[in-house]
Every structure is written in C-alpha cells, then in structure tokens.
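Colleague: First, the structure itself, so that you have it in front of you.
The values are calculated or read from the model by the stated rules, or taken from the named source; none is laboratory data. This structure is a prediction, so every number in the text was calculated from the model and none was measured. No Cβ is skipped: glycine too gets one built from the backbone with ideal geometry, and neighbour counts run over all protein chains shown. Heavy atoms of the whole protein, side chains included, go into the accessibility calculation; ligands, DNA and RNA do not. Shrake-Rupley method; radii C 1.70, N 1.55, O 1.52, S 1.80 Å.
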Amino acid sequence: MGCFMKANKVSRYNMRILWENVRIPFVLIIVVLYVIESLSAILTFSQVMHIDVTPFAFVFLVNNYRIQFVIAACAVILFCNAPFEDESYQYMIFRAGKLSWGLGQILYILKTSILYIASLVIAAIIPFLGHITWSNEWGKIWGTLGKTNAGADFGVELSVSQNIIRQYEPVDALVISILLEFSCILCIGLLIYFGNKITAKSVGTFAGALIAVLDICVSNDWLDWAYGFSPVSLTQLELFNGFAPKWGINLEYAEKFFMIAIVSLSVLCVIANYKETVISRIKGRHIHGK
C-alpha cells in the first residue's frame with residue numbers, strides 16, 4: 001500500500017508541473033479547436049434544418065482516419081518529453097524508490113490520457129451547445145447524414161457510418177468509442193515512455209509517431225490484416241464491418257489487444273527503471289561465463 005501511495009504522489013507531482021510546459025495547453029487547445037472546426041458544417045446543417053443534434057458526434061469523429069491521425073499525433077507531442085525527469089529526479093527517486101517511481105509515471109500517463117480524452121469528448125459537444133437534444137436515439141441529423149448525401153450541400157466532410165447507426169445503440173457506441181480511444185492514447189503514452197527511458201533517446205517518440213501514421217498507411221492499400229496491429233485503427237467501430245472480421249478483427253479482438261498491450265507495456269515501463277541493474281547483471285554473467 002505504501003508503494004502505491006508513493007506512486008500516486010509521484011503522479012500528482014507530475015500533474016502539478018503539467019501546465020508549466022506551454023506545450024501541453026497548446027496541444028490541448030489545438031486539438032480542441034480542430035475537433036470543433038471539423039463539426040462546424042454539421043452544426044450549419046442542423047441550424048438550416050431546424051433540428052437539434054444528439055450528443056454522439058465523438059463516435060463518428062474517431063471513425064475518420066484523418067481526424068484520428070491528428071488526435072494520435074497530438075498525443076505523441078503530449079508525451080514526447082518522457083521519461084518526465086527534471087532536476088528533482090534524483091531526489092524524487094531516492095525518496096520514492098524505483099518501483100514507486102515507475103508506477104507513478106504509469107499513473108501520470110493514465111491521468112493525462114483521461115484528461116486528453118475528456119477534452120476530446122467535450123470538444124465534440126461544444127459546437128452544438130444550444131442545439132442539442134439529450135436522447136438515447138441517434139436522432140434525425142445523424143440518421144439523415146448516414147443514409148443520404150444531404151450533408152454534401154453544406155460542406156459536411158465527416159462520414160457518418162450507417163453500419164454503426166444500425167448495429168449499435170448510441171450510448172453503447174459512445175462508451176465503447178471512448179474506452180477504445182482512451183486505450184489507444186494510453187498505449188501510445190506507455191510506449192513512448194518505455195522507448196525513451198530504456199534507450200535514453202527519443203526512440204519511444206519515434207515509435208509513437210509510427211503508430212500515428214500506421215492507420216493512414218494501412219488505409220491506403222496496405223494488407224488488410226495489418227489493421228490488427230494498428231492501435232489507431234482498432235478504435236474505429238466501422239473497421240469491424242466488411243472485410244475485417246475475416247481476419248478475426250472485431251470488437252472482442254480489439255479489447256484483448258488493448259488489454260494485453262496495456263499490461264505488457266506497463267510491466268516494461270516499470271522494468272525500464274531497473275535497466276542499470278539488468279545491464280550490470282547481464283555483464284556480470286557474461287564475465288563469469290568467460
């Protein structure tokens with residue numbers, strides 16, 4: 001219990017200094033403004049039709065690979081300063097211990113991911129304030145955009161999937177989309193931390209950037225089975241229709257993928273803080289073997 005209390009204190013310390021870096025609020029503002037702008041045409045369509053919108057825009061935002069790229073890329077920028085070690089690092093790790101320090105960084109990445117996703121969800125609602133109908137139905141706006149091309153005359157570029165509307169209840173689709181997107185961002189953060197920490201270079205940041213662009217690469221004529229290894233792709237409910245199931249790629253697969261990835265990366269993030277010990281033991285065995 002004491003270990004986790006120390007870990008929580010480490011994460012709280014990181015959260016306190018979070019806003020001291022201008023990069024963090026800048027990234028959040030940029031992604032929020034981008035999401036709002038992406039939904040502006042739908043707001044115009046709603047106003048012209050005199051029909052309010054149900055608050056489920058987030059579901060369709062994360063099913064757009066261009067928007068997903070921006071979200072993932074901003075997440076990479078959010079975590080690129082991993083392993084989050086400043087001038088107080090030596091003092092903090094001496095007081096907390098390596099295990100608590102590693103767990104604290106994981107908690108920090110978890111909390112930051114929650115903050116990031118919450119910002120995205122709120123940003124998907126802001127444009128429609130004053131024009132929202134709170135209902136557990138998809139509503140006429142999403143139904144019309146999914147079934148027809150009526151939005152084209154108003155410059156609506158966001159694709160509204162009829163498959164999602166037909167197969168999922170709105171609240172279910174929203175909750176699933178939020179959880180999948182959160183899992184993806186968390187994985188990116190953990191991967192960046194592990195890569196940067198274990199190599200003492202920006203290898204993790206580079207790996208996170210690759211994940212951000214992988215979905216676009218696969219969407220542009222890569223092999224279909226590669227979707228199963230793209231975290232950003234696995235957040236999109238539309239992926240689980242059509243060709244994807246023949247490769248075993250479905251919602252259950254996505255859930256298992258993220259659970260295994262999060263647990264594995266979390267363990268590796270803790271181990272990375274013991275890299276000096278591991279390296280010395282390996283060298284010792286090598287010398288002893290000679």
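Colleague: Rounded if a/c is under 1.5, else prolate if a/b is larger than b/c, else oblate: which is the stretch 164-225, with a ≥ b ≥ c the root eigenvalues of its Cα gyration tensor? Walk me through the numbers before you get to the answer.
Modeller: Details: a/c = 4.71, a/b = 1.68, b/c = 2.81.
The shape class here is oblate.
Colleague: Here's something else I'd like to know. What ratio of Cα Rg to 2.2 N^0.38 Å holds for the chain? Mind showing how you got there, number by number?
Modeller: On the way: Rg = 21.4 Å, N = 290, 2.2 N^0.38 = 19.0 Å.
That works out to 1.13 for the chain.
Colleague: Next question. Given a 1.4 Å probe, how much area per residue of the stretch 77-167 is accessible, in Å²? If you can, show how the numbers build up before the last one.
Modeller: Working: 4620 Å² over 91 residues.
Normalised by residue count, the accessible surface of the stretch 77-167 is 51 Å².
Colleague: Next up: Amide H to amide H, which residues 5 or more places from Ile132 or on other chains are under 5 Å from it, using H placed in the peptide plane?
Modeller: For Ile132, whose amide H was placed from the backbone, the distant partners under 5 Å are Val53.
Colleague: Quick test of the membrane-span-like rule: which DSSP H helices of the chain reach at least 30 Å along their long axis (C-alpha atoms) with mean Kyte hydropathy at least -1.0?
Modeller: On the way: long enough: 98-123 (37 Å, 1.32); 170-199 (43 Å, 1.67); 251-272 (31 Å, 1.78).
Length and hydropathy pass: 98-123, 170-199, 251-272.
Colleague: Rg and Dmax in Å for the stretch 140-197, alpha carbons only: what are they?
Modeller: Calculated on Cα positions, Rg and Dmax stand at 16.7, 50 Å.
Colleague: May I ask you to derive the FRET efficiency for Leu115 and Gln167 from their Cβ-Cβ distance with R0 = 51 Å, giving the value to the nearest 0.05?
Modeller: Values: r = 30 Å, r/R0 = 0.60.
That pair, Leu115 with Gln167, gives E of 0.95.
Colleague: Just flag the trypsin sites (Lys or Arg not before Pro) in the stretch 160-210 sitting in loop per DSSP whose Cβ has no more than 14 other Cβ atoms within 10 Å.
Modeller: Numbers: sites: Arg166, Lys197, Lys201; in loops: Lys201.
Here the sparse-neighbourhood loop sites are Lys201.
Colleague: Pull out the extension gain between Asn220 and Trp134, defined as 0.36 nm times the separation in residues minus the alpha carbon to alpha carbon distance; nm, one decimal.
Modeller: In short, 27.3 nm is gained.
Colleague: Compute the distance in nm between two label points, each set 7 Å from the Cα along the Cα-to-Cβ direction, one at Arg95 and one at Asp153.
Modeller: 6.5
Colleague: Computing the accessible area with a 1.4 Å probe over protein heavy atoms, can you report the carbon and sulfur percentage for the chain? Mind showing how you got there, number by number?
Modeller: Numbers: 9540 of 14670 Å².
Answer for the chain is 65 percent, counting heavy atoms of protein chains only.
Colleague: How big is the stretch 45-131 by Rg and Dmax over its Cα atoms, in Å?
Modeller: 19.1, 63
Colleague: For the stretch 127-272, with the dipole built from +1 on Lys and Arg beta-carbon atoms and -1 on Asp and Glu ones, taken about the Cα centre, which of Ala207, Leu234, Ile141 lies farthest toward the positive end?
Modeller: Ala207
Colleague: Can I ask one more? Let me confirm the definition first: pairs of Lys residues in the chain, 8 or more apart or on different chains, C-alpha distance under 19 Å. How many are there?
Modeller: Total qualifying Lys-Lys pairs in the chain comes to 10.
Colleague: Could you work out, for the stretch 102-208, what percent of all Cα-Cα pairs fall into each 10 Å distance bin, beginning at 0 Å and stopping at the bin that holds the largest distance?
Modeller: Here the calculated profile for the stretch 102-208 is 12, 31, 27, 18, 10, 1.
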